[in-house]
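The structure is given below, and queries will be raised subsequently.
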Amino acid sequence: QVTLVESGGGLVQPGGSLRLSCVASGFTFSSYTMKWYRQAPGKEREFVAAIATRSGGTNYADSMKGRFTISRDNAKNTVYLQMNSLEPEDTARYYCNVRYVSRDVWGQGTQVTVSS
């Protein structure tokens with residue numbers, strides 16, 4: 001079974017930072033591109049960032065570029081999302097994702113709330 005478990009969300013003030021983690025299990029983590037998505041109430045799920053396997057190549061949504069950084073530690077089966085300069089518009093539930101055997105696998109998500 002493939003499982004993804006996110007953590008690190010919470011309440012943060014505008015301009016603050018958070019580091020999200022996603023621990024993966026049940027597959028060869030280092031062989032798969034990992035992604036982060038987010039979804040706010042009443043809105044569609046939105047792509048945030050992706051990181052390739054051993055190459056480490058990254059891709060970001062335009063609104064996140066320059067503020068968010070995705071990284072991975074293959075030895076720990078973990079993908080991270082460092083979020084800086086957070087704004088209220090970043091408030092959402094953040095999900096880890098992997099495309100495994102032609103199916104999208106999602107974690108339970110971790111809530112990020114940006115508010116003063």
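The values are calculated or read from the model by the stated rules, or taken from the named source; none is laboratory data. Predicted model only: the values in this text are computed from it and were never measured. Here Cβ is always computed from backbone atoms with ideal geometry, including for glycine, and neighbour counts include all displayed protein chains. Heavy atoms of the whole protein, side chains included, go into the accessibility calculation; ligands, DNA and RNA do not. Shrake-Rupley method; radii C 1.70, N 1.55, O 1.52, S 1.80 Å.
For the stretch 90-116, which positions are open to solvent by 70 Å² or more (accessible area, probe 1.4 Å) and in contact with a strand residue (DSSP E or B) (Cβ under 8 Å, 6 or more places away or on another chain)?
Residues satisfying the conditions are 93, 99, 104, 106, 108, 111.
Let me ask something else about it. Open to solvent by less than 50 Å² (accessible area, probe 1.4 Å), over 14 Å from residue 92 (Cα atoms) and touching a residue at least 60 places away in the same chain (Cβ under 8 Å): is that true of residue 12 in this structure?
no
I've got another one for you. Need the failing condition index for residue 102 against (1) at negative phi; (2) out of contact with any helix residue (DSSP H, G or I) (no Cβ under 6 Å at 6 or more places or on another chain), just the number.
(1)
Can you tell me which residue in the stretch 72-116 is farthest from residue 46 (Cα to Cα), limited to those that are out of contact with any Ser or Thr (no Cβ under 9 Å at 6 or more places or on another chain), of a type outside the set (S, T, N, Q) and touching a residue at least 60 places away in the same chain (Cβ under 8 Å)?
100
If we scan the stretch 60-81, do we find a residue that is assigned to a loop (DSSP other than H, G, I, E, B), within 21 Å of residue 101 (Cα to Cα) and open to solvent by 60 Å² or more (accessible area, probe 1.4 Å)?
no
May I pose another question? Yes or no: residue 5 without any contact (Cβ under 8 Å) to a residue 60 or more places away in the chain, outside any loop (DSSP other than H, G, I, E, B), open to solvent by 60 Å² or more (accessible area, probe 1.4 Å) and farther than 20 Å from residue 86 by Cβ?
Against the criterion (without any contact (Cβ under 8 Å) to a residue 60 or more places away in the chain, outside any loop (DSSP other than H, G, I, E, B), open to solvent by 60 Å² or more (accessible area, probe 1.4 Å) and farther than 20 Å from residue 86 by Cβ), residue 5 does not qualify.
Okay, next question. So residue 53 fits all but one of (1) part of a loop (DSSP other than H, G, I, E, B); (2) over 15 Å from residue 99 (Cα atoms); what number is the exception?
Status for residue 53: all satisfied but (2).
For the stretch 33-49, enumerate the residues that are within 17 Å of residue 66 (Cα to Cα) and without any contact (Cβ under 8 Å) to a residue 40 or more places away in the chain.
47, 49
Within the stretch 20-45, how many residues turn out to be exposed (fewer than 14 other Cβ atoms within 10 Å of the Cβ), part of a strand (DSSP E or B) and charged (D, E, K, R)?
Residues meeting the conditions: 0.
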